[in-house]
1. Let me spell it out: the conditions are (1) under 24 Å from B:Val50 (Cα atoms); (2) touching a residue at least 40 places away in the same chain (Cβ under 8 Å); (3) not in a helix (DSSP H, G or I), and A:Pro192 meets all of them except one. Which number is the exception?
2. Got a sec? Which of B:Thr98, B:Thr14 is out of contact with any strand residue (DSSP E or B) (no Cβ under 8 Å at 6 or more places or on another chain), modelled with pLDDT under 95 and of a type outside the set (A, V, I, L, M)?
3. Considering only residues that are surrounded by fewer than 16 Cβ atoms within 10 Å (Cβ to Cβ) and touching a residue at least 24 places away in the same chain (Cβ under 8 Å), look in the range A:134-156 and name the one that is nearest to the chain's Cα centre (by Cα).
4. Any idea which of (1) touching a Lys or Arg at 6+ places or on another chain (Cβ under 9 Å); (2) without any contact (Cβ under 8 Å) to a residue 60 or more places away in the chain; (3) under 20 Å from B:Gln23 (Cβ atoms) is the one B:Leu107 doesn't satisfy?
5. Can you tell me which residue is farthest from the other protein chains (Cβ to nearest Cβ) among those in the range B:37-49 that are free of Cβ contacts under 8 Å to residues at least 60 places away in the same chain and buried (at least 21 other Cβ atoms within 10 Å of the Cβ)?
6. Given the conditions (1) modelled with pLDDT of 95 or more; (2) buried (at least 16 other Cβ atoms within 10 Å of the Cβ); (3) in contact with a Phe, Trp or Tyr (Cβ under 8 Å, 6 or more places away or on another chain), and given that A:Val129 satisfies all but one, which numbered condition is not satisfied?
7. Hey, could you check the range B:67-86 for residues that are more than 14 Å from chain A (Cβ to nearest Cβ) and free of Cβ contacts under 8 Å to residues at least 24 places away in the same chain and say which is farthest from B:Gln23 (Cα to Cα)?
8. Please enumerate the residues belonging to the range A:92-114 that are surrounded by fewer than 16 Cβ atoms within 10 Å (Cβ to Cβ) and within 14 Å of another protein chain (Cβ to nearest Cβ).
Amino acid sequence: MRFAVIVSFGLGVAALSVTGMVGADPAAGEGVFKANNCGDCHYTQGPAQEKTIGDQMAKKGPELWYAGSKFQQPWLEQWLQDPQPIRHIKYNSVTEENPGDHPKLAAGDAASVTEFLMSLTVAEVEAGVIKPKKSAKGRLIFVKKMPCSGCHEFPGKKFKGGRSGPSLLNAGTRLNPDWIYAYLKNIDTFKPIRMMPNFNGVLTDKDMKGVAQYVANFK
Amino acid sequence: MSKATIVTATVLLTGFLSAVTVQADEAEQLFNFYCAQCHGVGGKGDGPNVTADFPVDPRNFTKADEMEKLSDADIKNVILEGGPVVSKSPMMPPWGKTLSDEQVDALVQYLRKLCNCVGKPG
């Protein structure tokens, strides 16, 4: 009897804390984001604001207004506590290395900010379109037909890829597969001014899906 | 020549010169933003993407003897369509869906400044 009571009490606490997480409040996370001055380098209100190269160069960090559609939640929460460089070279530079000095958050604050950032989603990203796959066709596009590997680190055998774009080594755990396709298809919506060419029209829709599947499979 | 003609000519000339300068500044900015990641800020083919394992050397734009062999139209074509259109490596990306015609023309002129050369006609 007493044992049963303790067990059900324990279950109740577990249930409570689970509800507590699911019901967490993005507004509280937004408060933590502001209190840590994250907004000095990242804007969180869409749509994209950059119109000229000057506008892009003035940004001190990537835009985060569609973060909830772009990132995988577990990766984001972990990265905010231990932010290892994503780009080899410094943001907006072609001459300096990434100093690797991104601000860190404690576990509680990281969870809270993740809650806020994951609430920033956009309608342009359709869910369930891209399934990660070791696509031979996707690989052919990425390393042979198109210059993707010239600017992005990837799990290659001898040639490991270029350094000017974000590393895609862990794209399969970092990025939402559906966002990768949406980004290739509507690059100007997300990053109107960027060092990466627009491939929509160079690649067919089928090829963009294939290469997105391939990138989403990098672990 | 009347005074008015001289004034008009001066105004026109000044206007023309400043238009050219704005374009030259813009061309340098375009080059440093889009092209320097592979071709290097000075155009020597030594951008940050070019590690020892990089499969093909991006062209060194300061080599006049090589750049002379390309016409302005050849250069424009490869910038718009990418390496394969001139049987070169696909590591040279296609920029036609990214840059405007005027921006590509400005880049062609900027490459001519880097090589300090003129291309073969056509």
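The values are calculated or read from the model by the stated rules, or taken from the named source; none is laboratory data. If you're wondering where the values come from, they're calculated on a predicted model, not measured in any experiment. A quick note on method: Cβ atoms are made from the backbone with ideal geometry, for glycine too, and the neighbour counts reach across all protein chains shown.
1. That leaves (1) as the condition not met.
2. B:Thr14
3. A:Pro155
4. Here B:Leu107 clears every test but (2).
5. B:His39
6. (2)
7. B:Val86
8. A:Ser93, A:Thr95, A:Glu96, A:Glu97
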